[in-house]
Structure formats: C-alpha cells, structure tokens
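So the structure is just underneath, and the comments pick up after that.
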Amino acid sequence: MSTPSRYWREIPQRYRLEANSCVKCKQKFFPPRLVCPECGSRDLVKTKIAEKGKVISYTIIRVPPSQFKDQAPYAVGVVELDDGVRLMGQIVDCDFEDLKLEQRVRIEFRKLFEQGHSGILCYGYKFVPDS
Amino acid sequence: MREVAVIGIGMTKWGELWNKSLRDIYVETALMAIDDSGVDHIDSMYIGSMSSGIFVGQEHIASLLADYLGCAPVPSTRVETACASGGLALRLGFMEVASGMSDIVLVSGVEKMTDVGGDEATYALGTAADQEYECYHGITFPGLYALIAVAHMHKYGTTRKQLAEVAVKNHRNGSKNPLAQFPFEVTIDDVLNSVRVADPLRILDCSPITDGAAAAIICPVELAKKLKKPVVKIIGSGHATDYIAISQRKDMTWLESTYRAGKSAYEMAGKSPDDIDVFEVHDCFTIAELCVMEALGIVDKGKSGEAVERGRTALEGDIPVNPSGGLKSKGHPVGATGIAQVVEIVKQLREESGKRQVRGARIGLTQNMGGSGASTAVHIFERE
C-alpha cells in the first residue's frame, strides 16, 4: 500500500476538479500538464473543468479489481464535459437499462473505494444523470 | 544500415505451466531459437517482459536470464512497454544489428503469469493503464476495450456478432496450432453466451492469462547467407506512442500509435498494406483486432467488422489475420506476445505452418500493442 502522500497530491483534481489550459492554443487539460501536447507551449494557467456533460461511451464492469469487489456490477463511462474536457468515471444513481450514449450527466463528489482495513477512504468525482 | 534477417525461432507449448518457473520457460525457449539458428554464441540479448516484478516478484531478469541461459557476460537488457514489450525487444535488437554494433542478437519475451491469483494478475495488467485517472475509477482492461467497442459500434454500426466472429476465426486458426493454449474451436453462440466481463465484452472476447516465452535470433543478412539458413529479412520497423488514457484521444475508435508505427514500417519497407500476404496482430480483445485492421490500413475505417464477417481475414481469405490463433486462442503471456508473432510469421514465410499455412506467403507483418493502444511496434518481414 502506498503512503498517504500519493493520495494527498491528487486532491486538487479529485476534490476540486482543478485543470489547466494552454495560454497559446487555449486547449484545456484534465489532469493538468506541464507542457501542452498540442503546441508544445509551457505557458499554462490554472482553471477548473465544467461540471456537466454527456456520456460518450460506457461499460458495465462485471469482473472488478479487488478494491471494487463490493460494488460490482457498476458502470464506468467516458464523459465529454461542456467545456470539451473528456474524463473517465463511474456513472451512478442510474439503472443500467436507462443508461445511454449522449446521456446528460453532472459531476458529484463521492467515496470511490477503501484501501483495505486500515487504509485511506478514497474520494473523488462520479457522474450522476442530470435531467 | 545493414540488412537484418531472422535465422532462428523458438517457442514451446503455452498455457498454465505450473511445473515451470520463469527461468525454466525462458531458457527452454531461447535454447530452441539458438539451436534453430545454428549459431554457437550470441553477442547481445533483449528480453520483453511487462511485469515480472508483480507476477513473480523478480526484477533484474535481464541478468537472471542471461545467467541461466549460460550467456553471461553478454549484454542483456529487459524492455518494457506493457504488452508491446516483445515487439520493442525485437526493434531494439534490430537497431543493434542494423547499426553494426552487434552481429548475433537474441530477441525474446517472457511472462510467467499464473504464479499469482486472478486478482493480482488483473492488478498487474491494469498497471498498463493510467493508475490515477483510469484504474482509480474501477476500470479494468476488458473495461477499457469495452469502452472502445461501444464507441466503435455507435460510430460505425459494428455489431456484437461481428466481434464474436473475430474470436471464432482465431479459435479456428488456433485449433491448428499445437502450441496454442486453447487449441479448439468455438461457435458464435459460445461467444455470445459466455460469461459477461465488461459489457458488451464477454470472456470469449478476451485473451487469456498465460505462461509462455518466445525467442528469435537475428543477424546481418550476409551472415545469414553464410550460415545457409532460410533468410527471412526484417524490411520494416516502426514504433509509436499515444495518449495513455483513452479519454484523452480525439477518437477512441482510432489507434493512432498503430497507424503511426504502421506508416513508419510501410515506408521503411517500401510496401503498402496490399503487399502484405499475412498479418499477426494484437487481438487482446476481439474489438482490438478490428481497430488494428483499420489503423494499419488493411480495411477502411469502420469496415473491419464486415471484413471479418465475410471471411476476408480467415486463413483462406484475401487478408489472412492471425493464422496462429492470435492472442485469443494461442494465449497472451504479455511480454512474449510480440516475439511469438515473429515466430509465427517466420514459420509462415518458411512454409512451416502445417495446417494453418497461408499459401504462397512471402511478406508478413506483425503488430504488437501495449495497454489500450498507447504503444505499438510494427515489423514487416520478407522471405528472400
């Protein structure tokens, strides 16, 4: 098990949805990057991602990694936010039969999993239907 | 650059090899390649291995395996690019021989995956994805390819049955390969009714967990001729990368690293997809084979499902893909896969493939991919 520092340093992204964008080509990155892969610029400024978007692909995980055993089956999707940023996350509070592509979702702050008996409770973002 | 040839190949039966250790599997296979080539020494060696540290708790296997092969003190290097490790071991060996740095190089791959249970194997394979922004959300490798499959089905109308056709075709080929882990046929219904893993993918859409190794000896073409071995030249080599997380790619159905690596290899070889007689590609999941066919330019975008359904990629089709049975039937010891593809293509070009021989094959291509497509190695071979 890793030390808490690994978890702690991702908090700006996982709790506060911090991103950055390239001053030169305006491309937005989540997670933030030190160099823009589009234009090579190192001039990037801090910003936040949009909190609503649409599902562009999804799957139902039936055979999960061990730390997600008690949650399976669950849905994981790739969402395109209204600002163009794409990210992966679980889609919850929704029956699988009702899930569809292009479905509108919003980001909510949730518990994701536990790092074992005496480990960290891991939090972050999940998607919920936004109708 | 000097011209480079493959003069020896080695591969043993793959599967759950409980009575054999990492070093047993590796040495047995490497010796086969050395014996097949007829050389009395090697100058250098490369070993593709994705995750020996997690699978058997052993790093530093470049030296361990040189030692147990009785080859120390030759230089030995482990190469890691997830499931493309084997393909990259070949590329590094190719560059070493082509450059004139070494004459006889052993290029190889090995993975011993069944010394850990299923959970740990799933974890080890997951490390090829983005730990912080993919795995953290509960995705698995079948899950990543399921996301690609859903996007492909949505964009191009690819059907669930077309995915199953890939598994059926590869198992049919694999049933003719005595070294395959699962050398038997499956039906469309078997695939469509198998256990669900990550919708829409089922267990028979997925390559298995396998113990295995593969090896090849490469040298300058001039030396190969002196040794009086059948000369299979490496005429093209390409390698490229892509965003590691699939969400970052502009089009999840498009394997940019495969496209780029393929383009480099085609250009070096002076060949186009139409010139290739036989393909060995990275079908870690059924959808992967379809996306790879499109990225390599074997078929147009969105046309891969139809091509498989019409039998074009079968052994007797006009574009035979994975005559070995592919990762699906032959098995997928991740670090070894890229070299096993070379073993198959060399057998095909030497016309030593028995019942799965593609008739008249002179030019073959291997495509070996890491993670959800963030690394690809492509090589093109020609029989002289």
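Read-outs: derived from the displayed coordinates by stated rules, not from any lab. Since the model is a prediction, treat every value here as computed from it, not as a measurement. Backbone-built Cβ (ideal geometry, glycine too); neighbour counts: all protein chains shown.
Some notes on this structure:
- Against the main long axis of the alpha-carbon atoms of chain B, helix B:256-269 sits at an angle near 40°.
- Rounded FRET efficiency, nearest 0.05, which uses the C-beta distance separating residue B:67 from residue B:251 and R0 of 41 Å: 0.35
- For B:362, A:104, A:9, the sequence from fewest to most other C-beta atoms within 10 Å is A:9, A:104, B:362.
- Cα shape, region B:265-384, gyration tensor, a/c 1.5 rule: rounded
- Remark on residue A:20: its backbone amide H falls under 5 Å from those of A:29, A:33, A:47, a criterion applied only to residues 5 or more positions apart or on other chains, H modelled at 1.01 Å from N.
- With all pairs of different C-alpha atoms in the average, the Kirkwood value for the hydrodynamic radius of region B:334-380 is 11.5 Å.
- Phi-based couplings in Hz for region A:15-21 (Karplus 6.51, -1.76, 1.60; Gly and Pro marked x): 9, 10, 6, 6, 9, 9, 9
- Neighbours of residue A:51 by Cβ distance under 10 Å: Lys/Arg scored +1, Asp/Glu scored -1, total -1.
- Average partner coverage of B:141-154, which counts Cβ from other chains inside 10 Å: 4
- Remark: spin-label model distance residue A:72-residue A:26 equals 4.4 nm, labels positioned 7 Å along the Cα→Cβ axis.
- Separation of alpha-carbon centers, region B:52-97 and region B:205-268, rounded to whole Å: 16
- Between residue A:8 and residue B:355, the simple label model (points 7 Å from Cα in the Cβ direction) yields a spacing of 6.2 nm.
- Neighbour net charge for residue B:223 - beta-carbon separation under 10 angstrom, K R +1, D E -1: +2
- Residue-count net charge about residue B:147 - beta-carbon cut-off 12 Å; Lys, Arg +1, Asp, Glu -1: 0
- Computed 3J(HN,Hα) for region B:97-108, one whole-Hz value per residue from the Karplus formula 6.51 cos²θ - 1.76 cosθ + 1.60 where θ = phi - 60°, is 6, 4, 6, x, 5, 9, 9, 10, 10, 8, 10, 7, glycine and proline marked x.
- Estimated vicinal HN-Hα couplings, Hz - region B:346-357 in sequence order (Karplus 6.51, -1.76, 1.60; Gly, Pro = x): 5, 4, 4, 6, 8, 6, 10, 9, x, 5, 9, 5
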